[in-house]
Structure formats: C-alpha cells, structure tokens
Amino acid sequence: MSETRRKVLEVLDGKCLTPPPIWLMRQAGRYLPEYRETRLKAGSFLDLCYTPDLAVEVTLQPIRRYAFDAAILFSDILVIPDALHRNVRFEEGHGPKMDPIDADGIARLSAVGVSGHLRPVIETVSRLRRELPTETTLLGFCGAPWTVATYMIAGHGTPDQAPARLFAYRHPKEFDDLLAFLADISADYLVEQIDAGADAVQIFDSWAGVLGEEEFARFAAEPVRRMIASVRARRPSAKVIAFAKGAGLLLKDYRHSTGADAIGLDWSVPLSFAAELQKDGPVQGNLDPMRVVAGGAALESGIDRILDVLGNGPLIFNLGHGITPQADPANVTALVSRVRGRR
Ligand code: CP3
C-alpha cells in the first residue's frame with residue numbers, strides 16, 4: 001500500500017489528506033523553458049501531441065521539477081475533431097482553427113478511424129505509466145461534448161461561443177446528435193486511456209459558463225453523464241473528475257447529475273459555496289492562475305484561504321484553470337512548497 005499510494009486516487013475515493021495532493025492544469029506548457037525547447041523540435045503543436053517520445057518528455061518535465069502528485073497526459077481536447085477530419089491547426093498567436101461543421105457535416109460524421117488516429121496518444125499513456133514514479137497518479141483527459149462542439153461549429157475560439165449557442169437553437173436535432181456522437185466516441189477514447197494505464201480521467205468543459213440553466217442541463221451535464229455512464233458500463237471502477245468552468249451555482253447538482261467522483265472548481269466559485277459542495281464529495285481547485293503570475297503575498301494569501309476553507313475535507317489542490325505562459329516557474333516552486341508545508 002505505502003509504495004504505490006496514489007494520493008489523488010485516495011481523495012477521489014473521498015479521503016481527506018493533509019496536506020492535500022496537488023497538480024496544476026496545463027502544468028506542461030509554455031511557462032517552462034524545457035517545454036519551449038521540446039516544442040521547437042516538434043514542428044507543429046499537433047505533431048507534439050502525436051509523437052509519443054516528445055509527448056512523454058513534456059508530460060514528465062513538470063513532474064521532475066515539482067514532483068506533482070499527478071501527471072496529466074500531454075495532448076489536447078481538439079485531437080477528437082482532428083480525428084474527425086476537421087483539419088485542426090494551431091497557428092502561432094491565433095489559437096486553434098478547424099473547418100467549421102454544419103448540419104450536413106454532422107449527418108456525415110463517422111467514428112471509423114478515430115481510434116486508429118488516436119493510437120499515438122494511447123501509446124503515450126502506456127509509456128507514461130511505465131516511466132512515472134509509482135506514487136504519481138496518471139490522469140487521462142478529453143474535452144466535454146459541449147466544449148468540443150463549440151470549436152467544431154465556430155471553427156475557432158470565440159469569446160462567448162455565440163455560434164454554437166445559435167446553432168443549438170436553430171438546429172436542435174442536429175446539435176443533440178453532435179453531442180451524443182461526441183459523448184460516445186469520447187467515452188471510447190477514455191476507456192482506451194484507462195486500459196493503457198490512466199488511473200483517472202478529467203473531462204474539461206471549459207465553456208460551460210456561457211450556458212443558461214436549461215442549456216447547461218441539456219448540453220453540458222447530460223452528455224457528460226452519458227459519457228461517464230458509458231465508461232462505467234465497461235470499466236466500473238473508472239475514476240472521473242468533471243470540470244465545468246464558469247458554471248457557478250449550476251455546480252450544485254453537477255456531481256450527482258453526471259456521476260463524476262469529483263468536481264473541478266474555477267476561481268470564481270466562492271469558497272463558502274465550494275465548502276458546501278465539498279460536503280457532498282471531493283473538489284479540485286481553485287486558485288486564480290493570475291496569483292501564480294503575481295507571486296508573493298497574492299500567491300500566499302490565495303493558497304492559505306483555500307487550505308483554510310477546504311483543507312479539512314477531500315481536496316485536490318489545483319488552479320481554477322490552466323497556468324499561463326507568463327507564470328514564473330519559481331512561483332510554482334513556492335506554491336508547491338506552501339501547500340505541502342502546511343500541517
Ligand atoms: O494540462 C496539461 O498540462 C496537459 C495538456 C493540455 C493541453 N491542452 C496542452 C496545450 C490540456 C489538458 C489541454 C486542454 C485544452 N485544450 C482545453 C481545456 C482546458 C482549458 O484550457 O480550457 C481547451 C479548451 C483546449 C483547446 C486549446 N488548446 C486552446 C484554446 C489552445 C490555444 C490557447 C493556448 O493556450 O495556446 C490550445 C493549445 C495548447 N494546448 C497549448 C498547450 C500546452 C499551447 C500550444 C503551444 O505550446 O504552442
């Protein structure tokens with residue numbers, strides 16, 4: 001037990017650990033000089049995701065530096081549309097782009113070839129499980145159907161996902177088909193990650209916050225429930241973290257309505273509300289990534305508040321969203337030692 005103790009998994013089982021385990025969303029990324037160096041060798045960003053040697057290397061970089069309690073597979077949520085022939089590309093300074101899909105395109109979607117396309121990512125997962133320290137939890141992930149659909153419909157990032165919201169009102173049947181299709185192929189993808197060695201998986205619904213109450217239930221929570229049910233039908237002990245960024249009060253029933261083991265919280269979730277949610281099950285979060293950029297007292301007081309309010313319940317310490325490129329790696333060292341230094 002003691003040697004293979006994976007703390008993140010213990011918290012997902014409802015245990016309360018002091019200090020809490022810690023990992024950071026986007027912990028492998030441009031704030032690390034060694035990531036930028038590997039990134040240059042890769043050619044395109046997707047080449048980096050599909051080259052197991054390099055993807056393993058960048059996944060391990062933050063583990064070597066900070067000994068985080070979890071490593072997250074290095075990939076991207078947009079490998080799913082890429083596997084669906086949407087011609088995904090990442091242009092420097094412009095964010096992701098792809099060929100936008102319409103109602104006819106949705107009718108033509110096929111799962112044939114998706115698993116083969118994603119084979120290198122699964123290979124990365126198997127190699128990671130072999131190379132990581134035994135005590136490090138390996139997290140797989142994918143995007144939630146709603147968030148992936150927003151990029152597929154618009155063909156690029158937007159500030160408010162107006163194109164996908166509009167499409168959903170105009171073409172409700174096709175939009176439901178798209179979400180169900182994405183839920184099913186994403187569930188298959190998560191099962192493959194689990195079989196290759198992922199200890200738990202996180203579902204990223206980064207754009208949940210632009211939805212109204214009814215739409216959140218239909219477009220965000222329901223497809224995630226469908227995915228988790230599909231994964232658990234095949235792998236009953238699968239552990240799942242569901243992160244619906246910006247969902248606010250709608251998080252109240254999210255753990256129950258989706259069947260997730262734990263829910264991720266962004267920094268706009270008040271800690272008093274987070275404590276209520278934590279009575280029901282484990283939570284993950286929720287430091288503002290800008291506190292890591294600011295460092296010093298802003299970083300320290302943000303960490304202390306979270307530990308004061310959530311530290312006595314099941315907590316996985318994390319940021320409320322991904323770490324940003326301008327964060328100083330030394331501030332991450334300070335963050336990890338402050339979280340671990342407290343009793
Ligand atoms: O967390 C990790 O360290 C694992 C890797 C990971 C990446 N993307 C690597 C990445 C994960 C878990 C993601 C998830 C992801 N990707 C999400 C959900 C979480 C979130 O941040 O909201 C979303 C919406 C995407 C789509 C995406 N990928 C966008 C919008 C961008 C461009 C913005 C940016 O930060 O550059 C990406 C690119 C991307 N994904 C980078 C990394 C390290 C930067 C690309 C580069 O290195 O050039």
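Computed from the coordinates by the stated procedures, all read-outs in this text should not be read as laboratory data. This is a predicted model, so every value here is computed, not measured. Cβ sites come from the backbone with ideal geometry, for glycine too, and all protein chains shown count toward neighbours.
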Q) Can you work out the FRET efficiency for the pair S337 and A233, with r the C-beta to C-beta distance and R0 = 45 Å, to the nearest 0.05? A) 0.60
Q | Contour excess over end-to-end distance, with Cα ends at E92 and E214 and 0.36 nm allotted per residue | A | 40.3 nm
Q: Give me the distance between the Cα centres of the stretch 53-91 and the stretch 134-152, rounded to whole Å.
A: 10
Q) In percent, how large is the relative contact order of the chain, given Cα pairs closer than 8 Å and 6 or more residues apart? A) 22
Q: Could you order peptides 334-340, 224-230 by the average number of other Cβ atoms within 10 Å of their residues, highest first?
A: 224-230, 334-340
**Q.** the chain - share of DSSP beta bridges that are antiparallel (%, nearest 5)
**A.** 15
Q: Can you put M152, M25, M98, M290 in order of Cβ neighbours within 10 angstrom, beginning with the fewest?
A: M290, M98, M25, M152
**Q.** Whole-Hz ³J(HN,Hα) from phi, Karplus 6.51 cos²θ - 1.76 cosθ + 1.60, for the stretch 43-55, glycine and proline x
**A.** x, 7, 4, 5, 4, 4, 5, 9, 10, x, 3, 7, 5
Q: Starting from the Cα coordinates of the stretch 168-245, work out the convex hull volume and express it per residue in Å³.
A: 82
Q: Before rounding to the nearest 500, sum -39500 (n - 2.57) across all DSSP H runs of length at least 4 in the chain and divide by the residue total; then give [θ] at 222 nm in deg cm²/dmol.
A: -14500 deg cm²/dmol
(Q) Using alpha carbons only, how many angstrom separate the centre of the stretch 111-132 from the centre of the stretch 282-341? (A) 31
Q. Within the stretch 117-143, whose backbone N sits under 14 Å from a point 7 Å along Cα→Cβ of K15?
A. 135-137
Q | Taking the C-alpha atoms of the stretch 1-118, convex hull volume expressed per residue in Å³ | A | 169
Q: Cross-chain or 8 or more residues apart, Cα under 29 Å: how many lysine pairs in the chain fit that? Count them up, please.
A: 18
Q. What angle, in degrees between 0 and 90 and rounded to the nearest 10, separates the Cα long axis of helix 329-341 from the longest principal axis of the Cα atoms of the chain?
A. 60
Q) Measuring from the lowest to the highest alpha carbon on each principal axis, how far does the stretch 7-341 reach, largest first, in angstroms? A) 56, 44, 38
(Q) Which GluC sites (Glu not before Pro) in the stretch 80-184 sit in a loop by DSSP (not H, G, I, E or B) and have at most 10 other Cβ atoms within 10 Å of their own Cβ? (A) E92
Q.
Per 0.36 nm of contour for each residue apart, how much would the distance between D253 and E276 grow if the chain were fully extended, relative to their Cα-Cα spacing?
A. 7.1 nm
Q | Evaluated at q = 0.12, 0.17, 0.21 Å⁻¹: base-10 log I(q)/I(0), Debye formula over Cα of the stretch 105-251 | A | -0.51, -0.97, -1.32
